[in-house]
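**Student:** Below you will find the structure I want to go over with you.
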Amino acid sequence: MKDFEVIKTAAIMVAINIAFFIYSIVRQRRRIWRWQRARISAAISTLESERKRIAGDLHDELGPMLSAIKLQINHLEPVNGAEAAILKKSSSQIDDIITRFREISYNLLPNTLVRKGFITATHEFISKLKNLHALQIVFNSPDFSLAPEREVNLYRVVQEIIQNTLKHAQATKLVIQITRKKKYILLQTRDNGIGFNYSAQKQQGMGLFSLQSRAELLGGELLIHTKPGEGVKFEIEIPLTL
């Protein structure tokens, strides 16, 4: 009987030690996860701040400066046909540079995203792509709103999915569907492209890492369904508030 009590006590102690060990591992993993999420959040916030600053510099400083230079060129009086041709060419080149600056500024941070929100900015982005690519993009979304920084992250997720589809999928159609539930929205996309081997790609794809990081910052988890020859489906469930 005494031996039984000793064994029982030893078993309880072992169980307690095992439980404490498991608890320590779980707590450590949660701590590492929180640290990694904070680090990713800080990196993305820094990136978006730099994008905003550069977009502002291009729009507010370089754009007006180039417009002033063009105005000065247009007021010059050429003395012969050769000079007239040079001035005309220079003015045209400045127009091209101004247009390119506006495109870069828009890609860094669309004014529409800041002023009118995610849905309008996404429609505008897709509309601009229609004139440049053959990919048919269908975007459907109910009305909703998130905190401004979360709308930026959601916009970047959609932007990244579209860019990945254009670069790699060899698809003719991409459907982007957002469904609103009571406490969350569900983002689902699917294309009719060539798909890929996810197990191999996730080890080296920075684009997928960026998507996963932004999905986590939105409070969701990125799910990817794909096989070679079967297209790609992305899915993220995003809470309306964190």
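**Student:** List the residues whose amide H sits under 5 Å from the amide H of Ile224, counting only those 5 or more places along or on another chain, with H placed 1.01 Å from N in the peptide plane.
**Tutor:** none
**Student:** Long-range amide H contacts for Leu240: which residues qualify at under 5 Å (H placed 1.01 Å from N, peptide plane, sequence gap of 5 or more or a different chain)?
**Tutor:** Under 5 Å from the amide H of Leu240: Tyr184, Ile185.
**Student:** Leaving out ligands, DNA and RNA, and with a 1.4 Å probe, what % of the accessible surface on the chain is carbon or sulfur?
**Tutor:** 56
**Student:** Let me ask something additional. From the phi angles alone, apply the Karplus equation (6.51, -1.76, 1.60; θ = phi - 60°) to segment 192-198 and give each ³J(HN,Hα) in whole Hz, x where the residue is Gly or Pro.
**Tutor:** After applying 6.51 cos²θ - 1.76 cosθ + 1.60, I find 10, x, 7, x, 7, 7, 5 Hz.
**Student:** Over the chain, give the accessible area per residue in Å² for a 1.4 Å probe, as an integer.
**Tutor:** 66
**Student:** Something else now. Only loop residues by DSSP count here, and only those with at most 11 other Cβ atoms within 10 Å; note down the trypsin sites (Lys or Arg not before Pro) in segment 147-242 that meet that.
**Tutor:** Counting only loop positions with at most 11 other Cβ atoms within 10 Å, the trypsin sites (Lys or Arg not before Pro) in segment 147-242 are Lys181, Lys182, Lys183.
**Student:** Computed FRET efficiency, Cβ-Cβ of Arg51 and Ala134, R0 25 Å: what is it to the nearest 0.05?
**Tutor:** Working: r = 28 Å, r/R0 = 1.13.
Once rounded, the FRET efficiency stands at 0.35.
**Student:** Using a 7 Å offset from the Cα along the Cα-to-Cβ direction at both Arg31 and Val14, what is the distance between the two label points in nm, to one decimal?
**Tutor:** My value for the distance between the label points is 2.8 nm.
**Student:** Could you let me know the centre-to-centre spacing of segment 136-190 and segment 221-240, using Cα atoms, in angstrom?
**Tutor:** Here the two parts' Cα centres lie 11 Å apart.
**Student:** Here's a follow-up. Using semi-axes √(5λ) of the Cα gyration tensor in Å as the read-out, say which of (i) 27, 19, 18; (ii) 29, 23, 15; (iii) 53, 22, 17 was calculated from these coordinates.
**Tutor:** (iii)
**Student:** On to the next question. At Lys227 and Gln177, where each label point lies 7 Å from the Cα along Cα→Cβ, what is the point-to-point distance in nanometres?
**Tutor:** According to this spin-label approximation, the distance is 2.0 nm.
**Student:** Same structure, new question: I need the shape label for segment 118-242. Rule: rounded when a/c is under 1.5, else prolate if a/b > b/c, else oblate, with a, b, c from the alpha carbon gyration tensor.
**Tutor:** Here segment 118-242 falls in the oblate category.
The values are calculated or read from the model by the stated rules, or taken from the named source; none is laboratory data. Bear in mind that the values here come from a model prediction, so they are computed numbers and not experimental data. With ideal geometry, Cβ positions are generated from the backbone for all residues, glycine too; neighbour counts draw on all protein chains shown. Only protein heavy atoms, including side chains, enter the accessible area calculation; ligands, DNA and RNA are left aside. Shrake-Rupley method; radii C 1.70, N 1.55, O 1.52, S 1.80 Å.
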